[in-house]
Amino acid sequence: EALGTPAAPHALQRAWAEHQVSQCGYCQSGMLMAAAALIARNPKPSDADIDAAITNLCRCGTYGRVRAAIKSAAAVLLAKKQ
């Protein structure tokens with residue numbers, strides 16, 4: 001995804017691991033990139049914002065974890081800006 005490095009993962013990559021979003025890995029790169037674009041334009045996304053922005057299909061159905069991870073990463077990134 002080119003969001004971070006193994007030594008310094010992006011906040012989204014950390015949140016993905018912390019919230020155990022990843023299961024089969026089928027949708028991960030697309031979801032991470034869509035989430036990064038969402039947070040770049042909306043630093044405090046709601047569930048509705050996330051649902052509208054993340055159109056990638058997840059075969060495992062981890063959408064609740066995806067929302068939680070995006071909100072968690074957005075909060076970390078917003079705190080870094082302040």
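Quick notes
- Subset of region 1-23 [open to solvent by 80 Å² or more (accessible area, probe 1.4 Å) and in contact (Cβ under 8 Å) with a residue 12 or more places away in the chain]: GLU1, ARG14, GLU18, GLN20, GLN23
- Scanning region 52-64 for residues that are out of contact with any Phe, Trp or Tyr (no Cβ under 7 Å at 6 or more places or on another chain), modelled with pLDDT under 95 and open to solvent by 60 Å² or more (accessible area, probe 1.4 Å) turns up THR55, LEU57, TYR63.
- Hits in region 35-62 (condition: over 11 Å from the mean Cα position of the chain (by Cα), assigned to a helix (DSSP H, G or I) and of a type outside the set (Gly, Ala, Ser)): ARG41, ASP47, ASP49, ASP51
- Just one of the numbered conditions (1) open to solvent by less than 40 Å² (accessible area, probe 1.4 Å); (2) modelled with pLDDT of 95 or more is not true of GLY30: (2).
- Restricting attention to region 65-79, the residues that are open to solvent by 70 Å² or more (accessible area, probe 1.4 Å) and either polar (S, T, N, Q) or without any contact (Cβ under 8 Å) to a residue 40 or more places away in the chain (or both) total 1.
- Of the listed requirements (1) closer than 15 Å to LYS71 by Cβ; (2) among the polar types (S, T, N, Q); (3) open to solvent by 50 Å² or more (accessible area, probe 1.4 Å), ASN42 misses just one: (3).
The values are calculated or read from the model by the stated rules, or taken from the named source; none is laboratory data. Note that the structure is a prediction, hence the values are computed from the model and not measured. Ideal geometry is used to build each Cβ from the backbone, glycine not excepted, and the neighbour counts take in all protein chains shown. Each accessible area value is taken on the protein alone, full model and side chains, heavy atoms only, with ligands, DNA and RNA left out. Shrake-Rupley method; radii C 1.70, N 1.55, O 1.52, S 1.80 Å.
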